[in-house]
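Comments concern the structure below.
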Amino acid sequence: MKTFAVIVNPNAGRKLGLDRFESLREIIMEKEKCEFHVHETIGKEDTIEAATRFGTGNYDLIMVFGGDGTTNEVVNGLMKTQSSPPLALFPMGTANDVATHLKIPRNLKAYAEMILDPQIIPVDVGKAGDRYFLNVAAGGLLPDLAHKVSSEKKSMLGKFAYYLEGFIEFPKQFFQTIEIELELEGRVETRDTLFFLLANGPIVGGFKNLVPKASLDDGKLDLLIVENTEFPDMANAFLSFLRKKTTPRKGVVYYRVDSFRLNSKKAVDVDVDGELCGHLPMTFKVIPYALQLIAPKNYQRQHNGEG
């Protein structure tokens, strides 16, 4: 008999997390008798602790019902273990970038089929300071905008809320640039930036073109630095992100890295998977094949951003 661990954020998805899980459990039990060990989250540290406990247990897999923040907490809990069962994401937040890339179904019957007959995908995990992340770390303009968007606006407008806030705030933020010092591969570079973005997965905030070479299983992180440049050039770059253009953009620097360090004289907050985790200076690195994720059978793995 299969045994599943389940972590549910009862406030996720307009407070439908627990209802969605209970409906899924009924569907699964109609197909196959399984055992479920369920934990309802009550806070960040509680979620991390539950994930660590489940991560050391003898489970076929761990399901998480929540948004990107809950998923990040679960990942940080699992990374405290030597090895852990595969992780199955159920998308209930605003972005759900990793679940989107993996083609995780929202339909409960299709999700139940995936759980009972899964494809297991080994994936890399990023680390920003002491905090792990599954998809993205960032600092500067973009995370500032994300944290200015209210929960109500996110619920009503979804990803469009971020775009709307960007258009409103962008002219105000244009001259508030950050001088960062990048230590990479034995050299040091100083750059005047608007924001930096470090991606493990190929979709960031719903955008599929920001980091076109990124892959969850290539042993690399993709670093995007948007520099301060002429306003028309910067506006065009911003609009190209929205229009999903992948042509080279003036003022945009792109690296594929194993590890590096960022320093700044300003207090620059760092955001990982939508959660604040500290501020610069900070060291970033990738941990290859650190976790296993569940994907449907129709998902085709990518290698080095290709295929």
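The values are calculated or read from the model by the stated rules, or taken from the named source; none is laboratory data. Bear in mind the structure is a predicted one, so any value in this text is a computation, not a measurement. In this analysis, Cβ positions are derived from the backbone assuming ideal geometry, glycine residues included, and neighbour counts consider all displayed protein chains.
Note on the range 45-66: residues that are surrounded by fewer than 24 Cβ atoms within 10 Å (Cβ to Cβ), touching a helix residue (DSSP H, G or I) at 6+ places or on another chain (Cβ under 6 Å) and over 14 Å from S83 (Cβ atoms) amount to 1. Restricting the range 258-271 to residues that are at pLDDT 95 or above and either farther than 15 Å from E189 by Cβ or of a type outside the set (D, E, K, R) (or both), the residue that is surrounded by the most Cβ atoms within 10 Å (Cβ to Cβ) is L262.
Selection of the range 1-31 for residues being more than 18 Å from A50 (Cβ to Cβ) and touching a Ser or Thr at 6+ places or on another chain (Cβ under 7 Å) yields only R14. Just give me the residues in the range 111-130 being farther than 25 Å from V204 by Cα and either of a type in the set (V, I, T) or in a helix (DSSP H, G or I) (or both), in sequence order. Result: A112, E113, I115, L116.
Looking at E185, is it at pLDDT below 75 and among the charged types (D, E, K, R)? Can you show your working first?
Values: at pLDDT below 75: no; among the charged types (D, E, K, R): yes.
Judged against the criteria, E185 is not a match.
In the range 67-94, the residues that are at negative phi form Cβ pairs under 7 Å with partners that are of a type in the set (D, E) and part of a strand (DSSP E or B), at six or more places apart or across chains, as follows: G69/E275; N72/E275. Within the range 24-47, the residues that satisfy the criterion of being farther than 13 Å from L108 by Cα and of a type in the set (A, V, I, L, M, F, W, C) are C34, F36, V38, I42.
Restricting attention to helices (runs of 4 or more DSSP H) lying wholly within the range 1-84, give those where 1 or more residues are acidic (D, E). Outline the logic, then answer.
Details: elements: 12-15, 17-31, 44-55, 68-78.
Hits in the range 1-84: 17-31, 44-55, 68-78.
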